[in-house]
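Report on the structure given below.
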Amino acid sequence: MNDVTAGASAPRIVPHLWFDREAKEAAAFYSTVFPDSSVTSTATLRDTPSGDSDIVSFTLWGMPFMAISAGPLFKFNPSVSFIVNFDPSRESRARELLDETWDKLAEHGTALMPLGEYPFSARFGWIRDKYGVTWQLMLTNPEGEPRPTIIPSLMFTGDNAGRAEEARELYLSVFEHSRPGQLRRYGPGMAPDREGTVMFSDFMIENTWLTAMDSAHNHGFTFNEAISLLVRCDTQAQIDAYWSALSADPQAEQCGWLKDKFGLSWQIAPAAMEDMMANGTPEQIERVTKAFMPMKKLDIAQLEQAYRG
């Protein structure tokens, strides 16, 4: 595996949600949907291209998330969803809790796969909530190593269909603290999905599990900036290495954001920047915001200098 993180504590991959104006509202709502959940910090970025933008950090069932209100530029779609594992071996009320969670998400939401019994799970449903974010609720009791309760799930569709394994191998090669998990392939007679492509896989990068699958059906959606993966970095060397390994679209490089060869959006950012935004004075936050807005790849030294004033 790549050793770009050698000598520093490992970064963490954090799902990041882009809302129009509802980031704070949505974070508060999700905190009522899932156990062990809370909003941990909020801040406002002033005078961005989208006006004043709220940023929110929150945890859902112990999983860290971030969100921003930055205008109606991107729409959520199921190319990135979140699998929620309800495991009877860890939670005595797993089935009841799954149904309760479904009912909360179903308020003004839309079922993509109705809640019921499927060959792969005794209780499963895929739902789009009232904000457009999609969740796969699954009753699980995994043999062997358990998985986290919430796992970001990547669906490779359209021109990306058939590339899930390629993406999985790229991500495993880029991040040091990483390892593969399951890999199941489509068999014959499962058209339009091609035999040998990925029906389901999972893998861990920087202690965060992800799943990936191919789907050759005509979905009409693919990855966009509505959901990105934020990589918390401790050093400029980490930022430089991840940026070099992942960025494949120069036009998408802005404010620490990039797109990889599959169109998936990442944010490569200093871990310290989250602390600056959560704990800084309004004047410090304003200076940091003005410093990073013109940047493509983020520069830790310049951000720290702006923070100090």
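Looking at this structure, is residue 40 more than 27 Å from residue 252 (Cβ to Cβ), in a helix (DSSP H, G or I), open to solvent by 20 Å² or more (accessible area, probe 1.4 Å) and hydroxyl-bearing (Ser, Thr, Tyr)? So residue 40 fails the test.
Could we say that residue 86 is within 27 Å of residue 207 (Cβ to Cβ) and either β-branched (Val, Ile, Thr) or surrounded by 19 or more Cβ atoms within 10 Å (Cβ to Cβ) (or both) here? Yes; evaluated as a whole, the condition is true for this residue.
Would you check if residue 134 is buried (at least 17 other Cβ atoms within 10 Å of the Cβ), touching a strand residue (DSSP E or B) at 6+ places or on another chain (Cβ under 7 Å), closer than 19 Å to residue 29 by Cα and touching a residue at least 60 places away in the same chain (Cβ under 8 Å)? No, not satisfied. When segment 51-76 is filtered for residues that are outside any strand (DSSP E or B) and either closer than 17 Å to residue 227 by Cβ or among the aliphatic types (A, V, I, L, M) (or both), the ones remaining, listed by number, are 70, 71, 72, 73, 74, 75, 76.
One line per residue, one yes/no per condition, for (1) under 30 Å from residue 195 (Cβ atoms); (2) in a helix (DSSP H, G or I); (3) under 18 Å from the mean Cα position of the chain (by Cα); (4) polar (S, T, N, Q):
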| site | (1), (2), (3), (4) |
| --- | --- |
| 229 | yes, no, yes, no |
| 242 | no, yes, yes, no |
| 258 | no, no, yes, no |
| 263 | yes, no, yes, no |
| 266 | no, no, yes, no |
| 274 | no, yes, yes, no |
| 286 | no, yes, no, no |
| 290 | no, yes, no, no |
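Here 292, 223 are screened, and the one residue that is closer than 30 Å to residue 157 by Cβ, crowded, with 18+ Cβ neighbours inside 10 Å and not acidic (Asp, Glu) is 223.
The values are calculated or read from the model by the stated rules, or taken from the named source; none is laboratory data. Worth saying up front: this structure is predicted, and the values here are computed from it rather than measured. A quick note on method: Cβ atoms are made from the backbone with ideal geometry, for glycine too, and the neighbour counts reach across all protein chains shown. Heads up: the accessible areas ignore ligands, DNA and RNA and are worked out on the full protein's heavy atoms, side chains in. Shrake-Rupley method; radii C 1.70, N 1.55, O 1.52, S 1.80 Å.
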